[in-house]
Every structure is written in structure tokens, then in C-alpha cells.
Amino acid sequence: MVMWILFQAPPTTELPRVDKNPYTSAEDLALGQKLYNGRCAGCHGLTGDGGKGANLAVRDLPRAGTDVALYRIVRYGIPETEMPATLMASREVWQISAFVRSLGSSSNEAVKGNVARGEQVVGAKGGCLQCHAIAMKGGRLGPALTDIGGKRSPGHLRSKILEPALEITETFRVATVTTKAGKKISGVRLNEDPFSIQIRDFSDEIHSFFKEQLASVQVERRTTMPSYKGRLSEAEIEDVVAYLLTLRGTVQ
Ligand code: HEC
Ligand code: HEC
């Protein structure tokens, strides 16, 4: 039995044998767009600059510099992120990839804000660092923003500052677990799967539970991020967006 497990084939992560995308005709692009609309647009938006996914409407995709790197991401996803693997024929992966590349050549939205002023607002008036870390500085109630500029579009950033409740990330929600012994612990949910959950409580201690130890798990649907509508001027918000877009952190 043990032997059999040891000798199972490893998961296939075959990569194509060509360097360049062989499917880039107008027809391939049209098919790629159809596949994209069905499988990717829900997270990345119809024009690539949307929602929960990384911004794909950029000239250089930070993690997909080459066609093969893009193929690998589309086919196998990015581990430990919401970017899923997909089961598709190799030809379809190439066609979607061709369409994704075309999103980047359409003109990027110009952002007029002032980066230096934006950095000041984030650190002072906005109080963003109470909850967010940038590089090594800041809080941990919200996700680190160190590489947010490579992942999100200007539109998403602006809407997150004005209407934080519209699109809430799955991680960093406030959760409360009750153990079978009746003990309650609240904090920020770091991870959850069908069998376990990890929470960082508000004094920064990390707790890990198997769900079979728990009587209940409650996860807030709300976000703790406040809206800045009326608290920051339109110009200040543009400055913050311009600054956030410069944060490209460490690229995996
Ligand atoms: C469930 C949501 C979701 C779906 C569906 C999804 N993605 Fe993603 N994708 C993400 C997220 C989130 C990231 C950023 C991951 C991270 O770094 O945190 C991402 C990252 C990427 C990247 C990396 C960009 C870069 O260079 O940094 C590419 C390319 C990409 N997705 C393409 C696609 C394509 C093509 C599809 C459809 C086949 C797709 N995605 C479907 C959520 C999704
Ligand atoms: C009281 C805590 C708190 C403050 C203050 C706060 N945020 Fe947040 N923020 C959060 C939390 C929690 C999340 C994750 C849940 C969600 O998506 O709303 C978040 C999410 C975000 C996201 C989305 C991240 C992503 O991966 O898409 C951005 C962008 C962001 N915040 C920017 C800011 C900026 C800019 C400021 C200051 C102007 C700020 N936040 C102030 C708690 C906060």
C-alpha cells in the first residue's frame, strides 16, 4: 500500500515545447475572448482591469513576462492564491493567453494623482497603515499593500477606497470560532479550508483549529475597512491611487 502511494506519478505540470504562442490569429483571439469571458472575466473583468483578479490590462504582466510563463499561470494557476488552475486543451490555453496579451495593448487608464502626496495621505491623514503594511511598516488587520500596484487596476483601487464593501477579499475577514469546550476566539481569518481554519486574534496571536474541534465558525460578511467618501477629497484619492500603483513589491 505504502509502496503504491510512493510510486504514483507526480501531478502533471507539463509545459509546451514551443517558446512563442502558436495560436495568435484573429480567429484564435476571438475564440480566446469567448473562453476568457466564460472562465476568467468573473474575477478579472471583461476588459481585464476588474474585480478580484490581478489587473491584466497592463503592458507587462509582472509574472507572465514570457508566453510560457503566461501559459503556465493560465493552465496551472498560482498556488496559494485565488487564481485557479483550469482543465483546458493546450490550444485553448494558448488562445486565452493570446487574448490576455491583447488586453495589455489597449491603452491604460491615465492616473493623474501625485505619488508623493499620495504616500503622505496613506501614512498620515488616511491612516491606512493602521491596518495595512507596506514593505515592513504598518498593521496587519488588512492585507499587505506592498505589491498592490501590480495586482489591481486604478478602478478597483479607487472603488475600494470609496466603497470598500463592494468587493471584499476572502482573506482578512473577521471570524469568530467557538470551541466544543465553549471558548470563543475572534480575529482575522488568515486561511480556511473544509477541515481547518487559521485566525490571528487582535493581540496578534495565531490560532489554528481543526473544524472537528469546533462547535461553530462565524465569518463576517462585512469588511472592517472604512469608506473614505467625504473623508478624503477627490484629489487626495487620486493621489493615493497613483501612489498605490507604484507599489510593485517583490514579484513571485
Ligand atoms: C477565482 C478568481 C479568478 C479566476 C476565475 C481567474 N483568475 Fe487569474 N488571478 C486571480 C487572482 C486573485 C490573481 C492574483 C493572484 C495573486 O497574486 O494574489 C490572478 C492572477 C492572474 C495572472 C497573473 C498576472 C500577473 O502577471 O501577475 C494571470 C495572467 C491570470 N490571473 C489570468 C487568468 C486567466 C486567463 C483566467 C481564466 C482562464 C483567470 N486568470 C481566472 C483570480 C482569478
Ligand atoms: C480599520 C482597518 C483598515 C483601514 C484603516 C484601511 N483598510 Fe484597507 N482593508 C482593510 C481590510 C480588513 C481589507 C480586506 C477586506 C476587504 O477587502 O475589504 C482591506 C482591503 C483593502 C484593499 C484591497 C486589497 C486587495 O487585495 O484588493 C485596498 C486596496 C485597501 N484596503 C486600501 C486601503 C487604503 C488606501 C487605506 C487608507 C486610505 C485603507 N485601505 C485603510 C482594512 C483597512
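Cβ-Cβ below 6 Å, separation at least six or inter-chain, first residue in segment 62-91 and of a type in the set (Phe, Trp, Tyr), second open to solvent by less than 50 Å² (accessible area, probe 1.4 Å) and in a helix (DSSP H, G or I): which pairs?
TYR71/VAL93; TYR71/SER97
Residues of segment 65-77 being modelled with pLDDT of 90 or more and either closer than 19 Å to GLU192 by Cβ or within 9 Å of ligand 1 (Cβ to nearest atom) (or both), which ones?
ALA69, LEU70, ILE73, VAL74, ARG75, GLY77
Can you pull out every residue in segment 172-221 that is within 24 Å of the chain's Cα centre (by Cα) and in a loop (DSSP other than H, G, I, E, B)?
PHE172, ARG173, ASP193, PRO194, PHE195, PHE202, ASP204, GLU220, ARG221
Hey, among the residues in segment 36-59 that are more than 15 Å from ligand 2 (Cβ to nearest atom) and in contact (Cβ under 8 Å) with a residue 12 or more places away in the chain, which one's surrounded by the fewest Cβ atoms within 10 Å (Cβ to Cβ)? Don't jump to the end; show me each part of the working.
Within segment 36-59, the subset more than 15 Å from ligand 2 (Cβ to nearest atom) is 36-42, 46-48, 57-59.
Those left that are additionally in contact (Cβ under 8 Å) with a residue 12 or more places away in the chain: 36, 39-40, 47-48, 57-59.
Values: TYR36: 24, ARG39: 16, CYS40: 22, THR47: 13, GLY48: 23, ALA57: 23, VAL58: 16, ARG59: 9.
The selected residue is ARG59.
So ALA57 ticks every box in (1) within 29 Å of ASP193 (Cα to Cα); (2) of a type outside the set (S, T, N, Q); (3) not in a helix (DSSP H, G or I) but one. Which box is left unticked?
Tallying (1) within 29 Å of ASP193 (Cα to Cα); (2) of a type outside the set (S, T, N, Q); (3) not in a helix (DSSP H, G or I), ALA57 fails exactly one: (1).
Output the helices (runs of 4 or more DSSP H) that fall wholly within segment 78-171 and possess 1 or more residues being open to solvent by less than 60 Å² (accessible area, probe 1.4 Å) and within 16 Å of ligand 1 (Cβ to nearest atom), or say none. So that I can check it myself, show each step before the final result.
Details: elements: 90-105, 115-123, 148-151, 154-162.
Here the list reads 90-105, 148-151, 154-162.
Collect the residues in segment 154-199 that are within 14 Å of ligand 2 (Cβ to nearest atom), over 25 Å from LEU245 (Cα atoms) and of a type in the set (Gly, Ala, Ser), keeping them in residue-number order.
Across segment 154-199, the qualifying residues are ALA175, SER186, GLY187.
Quick one: in segment 222-245, of everything that is in a helix (DSSP H, G or I) and over 25 Å from the mean Cα position of the chain (by Cα), which residue is surrounded by the most Cβ atoms within 10 Å (Cβ to Cβ)? Walk me through how you get there before you give the answer.
Looking only at segment 222-245, we keep the residues that are in a helix (DSSP H, G or I), and these are 234-245.
Adding the requirement that they be over 25 Å from the mean Cα position of the chain (by Cα) leaves 234-235.
Working: GLU234: 11, ALA235: 13.
Among residues in segment 222-245 that are in a helix (DSSP H, G or I) and over 25 Å from the mean Cα position of the chain (by Cα), the one surrounded by the most Cβ atoms within 10 Å (Cβ to Cβ) is ALA235.
The values are calculated or read from the model by the stated rules, or taken from the named source; none is laboratory data. Remember, predicted model here, so these are calculated numbers, not experimental data. Cβ coordinates were reconstructed from backbone atoms using ideal geometry, including for glycine residues, and neighbour counts include every protein chain displayed. These accessible areas exclude ligands, DNA and RNA; they are computed on the full protein's heavy atoms, side chains included. Shrake-Rupley method; radii C 1.70, N 1.55, O 1.52, S 1.80 Å.
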